[in-house]
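The values are calculated or read from the model by the stated rules, or taken from the named source; none is laboratory data. All values reported here derive from a predicted model rather than from experimental measurement. So basically every Cβ, Gly included, is an ideal-geometry build from the backbone, and we count neighbours across all protein chains shown. To get the accessible areas, we keep the full protein, side chains included, count just its heavy atoms, and leave off ligands, DNA and RNA. Shrake-Rupley method; radii C 1.70, N 1.55, O 1.52, S 1.80 Å.
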Amino acid sequence: MPMPLSIHPTDTPTSAAERQTILDKGGFGTAFTDHMVTIEWTEGQGWHNAQVRKREPFRIDPAAAVLHYAQEVFEGMKAYRGEGGAITLFRPDQNAKRFNASAQRMAMPTLPEDVFVEAVQALVRTDRDWIPGGNGSLYLRPFMFADEPFLGVRPAHHFTFCVIASPVGDYFKSGPKPVKVWVSREYTRAAEGGTGAAKCGGNYAASLVAQAQAYENGCEQVVFLDAAEHQWIEELGGMNIFFVKDDGNLLTTPLGTILPGITRASLIELARSKGLTVEERKYSFDEWRADVASGKVKEVFACGTAAVVASIGEVKFEGGSFQIGQGESGPVTNALREELTALQRGKIADTRGWVRVVS
């Protein structure tokens, strides 16, 4: 690491018994480990003051730029307790690349990729006892925000990068069974030239009203259509989407206004290595409905770091609904999920250099 990373362990760590109670409870994103990593960036000085320290609230000025102009980006990744107790990360270099792409779009400083990865590893090493066994994992949230006190519309001159961690179980309360999705015709998530490809908080804030509609209609996620014509499928509120055709080949929506998911890219490569064709093209909601009705589309699934691979069983929209196949997770979805999770947890050999063991 080009800069020193100082270690300051907390003097009030969570007891082993209390930690085990938290791990046994499961859930997603509600409990947090004892430490965090912080690194500062100052105009003219660059990155400095890198440390692992006690997790605690930030003290920021009421005029901090992030509170007024939303200069903020983040990542989502996981650490796994794999075979033989090894702790692994899955493609952290890709998270580092995407983090910097998001930062550039939001007029924020980039963080050297090796610094990003080492910051994540340092927190995992420090809080490794928080990593659940079984199907659980340690969800890692690297993020950066503008904390310069300044009420003016320009890029801030001071930023804080931070990594926090949360032990997690299943993302959806329903567990691994197929989810129901709501197709929003009223709200859109992104547009050409916008921030759809950046992982910034504003994108998710803009999705929440549509997500609330999904909940009201008994669905776990919302599917967004394009902003210009309101007919082309883009992505879910927090995941990319794939369609499995009757010949076993896959179709997914193209990059541009959607987030370039690392899980998405990994599944495309895994599918192609099995001899499957993966087509990336615009796909309309009307075409989706027709293909399901005719049997041309047999399975649909969403994917992302948090949920990994989630089968979609039912689609609801204003005025109707339709079921995907028998409403169950299909064989192509299951095979891709099983291979990906086995790779992530070191149960099968990694021949692509995707898995990093945290020493």
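Taking the alpha-carbon distance from Lys54 and a cut-off under 15 Å, which aspartates and glutamates remain once sequence neighbours fewer than 8 residues away in the same chain are dropped?
List returned: Asp11, Asp34, Asp127.
In whole Å, largest first, what are the principal axis extents of the Cα atoms in the chain?
Extents along the principal axes: 61, 52, 36 Å.
Using the heavy atoms of the protein chains alone and a 1.4 angstrom probe, what is the accessible area of the chain per residue in square angstrom?
44 Å²
Counting each DSSP H run of 4 or more residues in the chain as -39500 (n - 2.57), what helix-only mean residue ellipticity at 222 nm follows after dividing by all residues, to the nearest 500 deg cm²/dmol?
Rounded to the nearest 500, the figure is -8000 deg cm²/dmol.
How compact and how long is the stretch 179-344, expressed as Rg and Dmax of its alpha-carbon atoms in Å?
14.7, 41
Dipole magnitude of the chain about its Cα centre, charges +1 at Lys/Arg Cβ and -1 at Asp/Glu Cβ only, in debye to the nearest 20?
560 debye
Express in whole angstrom the spacing between the alpha-carbon centres of the stretch 212-286 and the stretch 64-95.
22 Å
Ignoring ligands, DNA and RNA, please state the percent of accessible area on the stretch 27-101 from carbon and sulfur, probe 1.4 Å.
48 percent
Could you please state how large a percent of the accessible area of the stretch 179-344 is carbon and sulfur, counting protein chains only and using a 1.4 Å probe?
48 percent
Among all the lysines, which ones have a C-alpha under 25 Å from Lys177's C-alpha, if same-chain residues fewer than 8 places away are not counted?
Within the straight-line cut-off, Lys177 pairs with Lys25, Lys78, Lys245, Lys274, Lys296, Lys298, Lys316, Lys347.
So how far apart, in nm, are the two label points at His157 and Lys282 if each is 7 Å from Cα heading toward Cβ?
The answer from the label model is 4.5 nm.
Scan the stretch 278-345 for GluC sites (Glu not before Pro) in coil per DSSP, keeping those whose Cβ has at most 16 other Cβ atoms within 10 Å, and list them by number.
Qualifying residues, ordered by number: Glu318, Glu328.
First select every other residue whose beta carbon is under 12 angstrom from the beta carbon of Ser102; then total the charges, Lys and Arg +1, Asp and Glu -1.
+2
Any idea of Met108's accessible area? Nearest 10 Å², probe 1.4 Å.
10 Å²
Any idea how far apart His48 and Arg289 come out in nm if each label point goes 7 Å out from Cα toward Cβ?
Modelled inter-label distance: 6.0 nm.
Net charge near Val308, counting Lys/Arg +1 and Asp/Glu -1 over other residues with Cβ under 10 Å of its Cβ?
Here the charged neighbours net out to +1.
Using the beta-carbon distance between Ser273 and Ala107 and R0 = 35 Å, what value does 1/(1 + (r/R0)^6) give for FRET efficiency, to the nearest 0.05?
With R0 = 35 Å, the Cβ-Cβ based efficiency is 0.35.
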